Amino acid sequence: MQPKFKRILIKLSGESLSGTGFGIQTKASQAIVDQVKQLVEMGVQVAIVIGGGNILRGGRVDFDGAIKRRTADAMGMMATMINALALRDILLFNQVPALALSSKSVEGCLLAANADIADEALNLGKVVIFSGGTGNPFVTTDTAASLRAIEIGADLILKATTVDGVYDKDPNRYSDAIKYSSVTFDEVLAKELKVMDMAAFLQCKEFNVSICVFDMSENNAFVRVVQGEQLGTLVHC
């Protein structure tokens with residue numbers, strides 16, 4: 001089956017690289033790597049924004065006031081850089097060409113994120129991994145995902161989560177929660193649905209970048225979404 005989308009951006013949590021919730025376990029990421037490899041072989045151009053929660057959750061960690069929020073966020077951004085380097089090497093080990101970039105360059109390790117460099121790499125069939133968030137504190141990797149997706153002209157953001165879509169209320173708390181298979185940006189705002197951070201969501205709305213929210217544990221989920229299968233919730237104009 002031919003892919004429905006040509007260029008995508010996958011938003012991955014740092015925990016996707018860990019089988020235990022902490023650290024990096026190469027085997028834990030194998031299912032993701034296998035799917036990314038399949039997408040590349042299908043001719044899909046793949047970018048990834050990686051989080052750092054398996055190492056440090058930045059501003060979400062309670063440091064008893066001893067460490068400033070902006071410092072904690074900077075630490076979290078560094079955690080995403082570590083994950084990007086690891087994911088790049090895991091992809092290369094699996095014969096998937098890959099390039100890791102960061103909001104801020106790290107001499108000898110990471111080039112600074114640049115839309116032209118990313119675009120050239122994607123056109124050459126390389127997976128581009130963005131790290132370092134946006135380079136600014138007080139925003140999450142959701143905003144980094146929306147920003148990078150807009151910069152590279154992605155057709156779709158794949159937000160891989162532990163929930164199988166967007167609901168009218170928390171499905172973990174309410175047994176009568178209703179799942180949406182498809183919803184517009186305006187409906188999300190009117191119904192106050194939770195998709196991603198509001199700043200990131202409004203960016204996607206303004207630049208018409210659709211978002212698919214789905215459970216990453218679903219078998220071959222990335223490939224199925226890109227091929228146009230109804231999986232999770234599609235947020236669109």
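A few comments on the model shown:
- When restricted to residues that are closer than 19 Å to Ala113 by Cβ and surrounded by 24 or more Cβ atoms within 10 Å (Cβ to Cβ), the range 44-76 contains 10.
- Filter result (modelled with pLDDT of 95 or more, acidic (Asp, Glu) and touching a Ser or Thr at 6+ places or on another chain (Cβ under 9 Å)) within the range 153-189: Asp155
- Single unsatisfied condition, Lys37 versus (1) farther than 25 Å from Asn114 by Cα; (2) in a helix (DSSP H, G or I): (1)
- Residue list for the range 9-28, filter: within 15 Å of Ala98 (Cα to Cα) and either out of contact with any strand residue (DSSP E or B) (no Cβ under 9 Å at 6 or more places or on another chain) or β-branched (Val, Ile, Thr) (or both): Ile10
- When residues in the range 40-56 are screened for being touching a residue at least 12 places away in the same chain (Cβ under 8 Å) and either assigned to a strand (DSSP E or B) or out of contact with any helix residue (DSSP H, G or I) (no Cβ under 8 Å at 6 or more places or on another chain) (or both), 8 of them pass.
- Residue that is nearest to Thr143 (Cα to Cα) [pool: residues in the range 179-201 that are among the charged types (D, E, K, R) and in contact (Cβ under 8 Å) with a residue 24 or more places away in the chain]: Asp197
- Of all residues making up the range 111-148, the number that are modelled with pLDDT of 95 or more, among the hydrophobic types (A, V, I, L, M, F, W, C), out of contact with any Lys or Arg (no Cβ under 9 Å at 6 or more places or on another chain) and closer than 30 Å to Ser182 by Cα: 1
- Single unsatisfied condition, Ala177 versus (1) over 30 Å from Leu110 (Cβ atoms); (2) out of contact with any strand residue (DSSP E or B) (no Cβ under 6 Å at 6 or more places or on another chain): (2)
- Hits in the range 91-125 (condition: within 20 Å of Gly51 (Cα to Cα) and crowded, with 19+ Cβ neighbours inside 10 Å): Leu91, Ala98, Leu99, Ala100, Leu101, Ser102, Ser103, Leu110, Ala113, Ala118
- None of Leu87, Leu122 is within 22 Å of Gln25 (Cβ to Cβ) and out of contact with any helix residue (DSSP H, G or I) (no Cβ under 6 Å at 6 or more places or on another chain) except Leu87.
- Residues satisfying the stated conditions in the range 202-221, i.e. outside any loop (DSSP other than H, G, I, E, B), in contact (Cβ under 8 Å) with a residue 60 or more places away in the chain and closer than 18 Å to Asp142 by Cα: Gln203
- Selection status of Leu231, in contact with a strand residue (DSSP E or B) (Cβ under 6 Å, 6 or more places away or on another chain) and in a strand (DSSP E or B): no
- If you go through the range 17-73 and pick out every residue that is at pLDDT 95 or above and among the acidic types (Asp, Glu), you end up with 2.
- Of all residues making up the range 162-178, the number that are polar (S, T, N, Q), free of Cβ contacts under 8 Å to residues at least 24 places away in the same chain and surrounded by 10 or more Cβ atoms within 10 Å (Cβ to Cβ): 1
- As a summary of the residue check, Gly14 satisfies the conditions (1) within 15 Å of Ala160 (Cα to Cα); (2) surrounded by fewer than 20 Cβ atoms within 10 Å (Cβ to Cβ) except for the one numbered (2).
The values are calculated or read from the model by the stated rules, or taken from the named source; none is laboratory data. Being a predicted model, the structure only gives us computed values, none of them experimental. Backbone-built Cβ (ideal geometry, glycine too); neighbour counts: all protein chains shown.
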